[in-house]
Amino acid sequence: MDNISVDHLTGIKHLTREDIEIIFKTADSFKQVINRPIKKVPSLRDITIANLFFENSTRTRLSFELAEKRLSADVVNFSAASSSVKKGETLVDTVNNILSMKVDMVVMRHPNPGAAKFLSERIDAAVINAGDGTHEHPTQALLDCYSIREKFGSVEGKKVVIVGDILHSRVALSNIYALQKLGAEVMVCGPTTLIPKYIHELGVKVEHNLMKALNWCDVANMLRIQLERQDIQYFPSLREYSMLYGLNKEILDNLDKEIVVMHPGPINRGVEITSDVADSKQSIILNQVENGVAVRMAVIYLLASKIERH
Ligand code: CP
């Protein structure tokens with residue numbers, strides 16, 4: 001069986017194009033499974049996975065848990081809010097205690113950039129990054145690119161604009177890496193204060209005018225303003241942001257061509273995107289969520305086939 005070149009999924013940066021294509025081919029099979037009346041395969045009956053969430057999540061956490069259960073893995077869930085982390089225990093001690101209960105794989109969301117890589121170098125289990133601060137969210141980028149591939153047949157040559165709070169977004173960085181590895185052209189669009197100064201070094205186009213960006217692209221990925229990560233005020237008000245960078249139906253209907261609209265969620269309806277756009281036929285937001293389960297099944301399955309069972 002073809003397998004990916006890494007033992008952990010800590011970031012898209014560490015994957016090759018071939019790795020991503022193997023994940024997509026594997027996800028194609030799992031997508032068929034989750035659309036059958038019996039949505040389960042016995043592949044990982046001998047595997048135990050711990051989902052460690054040190055930050056809030058709805059989609060990613062549920063999607064990983066469903067993916068693990070569809071593969072018949074045993075699953076334990078850990079939430080920092082109700083754990084002994086609050087009593088001063090370190091990350092490595094917490095995880096090693098969990099691993100001593102014979103856990104084979106760890107899925108972790110953590111507020112610190114680099115936390116998943118740090119952990120992968122210190123513990124005896126496969127690690128999947130479910131979002132590490134403002135750094136990477138690799139499975140989100142994989143499901144986003146998988147959804148573009150599903151819509152267009154290929155990601156190669158597509159023009160994708162990522163709109164909004166690029167500065168605080170792990171989704172943006174992982175998407176830039178994944179889209180470029182798959183041969184897409186990438187643009188970022190937003191106010192100057194929310195575009196990192198080094199962004200040119202990643203080989204992306206920068207556009208501050210939303211209409212120009214939307215008329216350039218095939219796909220617009222609308223990001224949420226991450227108020228919880230903003231230590232200072234980056235724009236005067238949400239109302240002004242929405243007027244300049246929000247996507248509404250009137251804008252969508254007046255573009256030169258029909259574009260596809262994506263959003264990683266959670267959506268702030270009426271800020272970065274209006275309800276009539278989010279729910280329009282051009283939106284593939286719910287396809288992204290559905291594809292997330294198949295893509296995460298693929299990542300877990302491929303990494304599990306490389307590990308020694310405990
Ligand atoms: N897209 C995403 O990461 O959503 P959650 O924060 O709900 O997991």
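Normalising by the residue count of the chain, find the relative contact order in percent from Cα pairs under 8 Å and 6+ residues apart.
This gives 21 percent for the chain.
Can you run phi through the Karplus equation (6.51, -1.76, 1.60; θ = phi - 60°) for segment 144-153 and list ³J(HN,Hα) in whole Hz, with x for Gly and Pro?
5, 5, 4, 5, 5, 4, 5, 6, 10, x
Just order 259-268, 89-98 by mean Cβ neighbour count inside 10 Å, highest at the front, would you?
Top of the packing list down: 259-268, 89-98.
Between Arg36 and Lys13, what FRET efficiency follows from the Cβ-Cβ distance if R0 is 30 Å, with the result rounded to 0.05?
Plugging the Cβ-Cβ distance into 1/(1 + (r/R0)^6) gives 0.30.
Treating segment 138-288 as a set of equal point scatterers at the Cα positions, no solvent, please give the Debye-formula log₁₀ I(q)/I(0) at q = 0.11 Å⁻¹.
Relative scattering, expressed as log10 I(q)/I(0), comes to -0.36.
Quick check: residue separation of Gln233 and Lys257 times 0.36 nm, minus the Cα distance between them. What number comes out in nm?
Gain in length upon complete extension: 5.2 nm.
Counting helices only, and only those DSSP H runs with n ≥ 4, report the 222 nm mean residue ellipticity of the chain as the sum of -39,500 (n - 2.57) divided by its residues, in deg cm²/dmol to the nearest 500.
After summing the helix terms and dividing by the residues of the chain, the value is -11000 deg cm²/dmol.
Mean separation of Cα pairs under 8 Å and 6+ residues apart, divided by the residue count of segment 1-66: what relative contact order is that in percent?
RCO, segment 1-66: 19 percent.
Just to be sure I understand: of the beta bridges DSSP finds with both ends in segment 138-288, what percent are antiparallel, rounded to 5?
0
Between segment 3-76 and segment 247-284, what is the C-alpha centre distance in whole Å?
28
With +1 on each Lys and Arg Cβ and -1 on each Asp and Glu Cβ, how big is the dipole of segment 219-310 about its Cα centre, in debye rounded to the nearest 20?
Rounded to the nearest 20 debye, it is 400 debye.
Which pairs in the list Lys69/Lys102; Lys31/Lys181; Lys13/Lys281; Lys31/Lys102 are over 21 Å apart, alpha-carbon to alpha-carbon?
Table pairs above 21 Å Cα-Cα are Lys31/Lys181; Lys13/Lys281; Lys31/Lys102.
Bear in mind that the values in this text are calculations on the coordinates, not laboratory data. All values derive from a computational prediction rather than experimental measurement. No Cβ is skipped: glycine too gets one built from the backbone with ideal geometry, and neighbour counts run over all protein chains shown.
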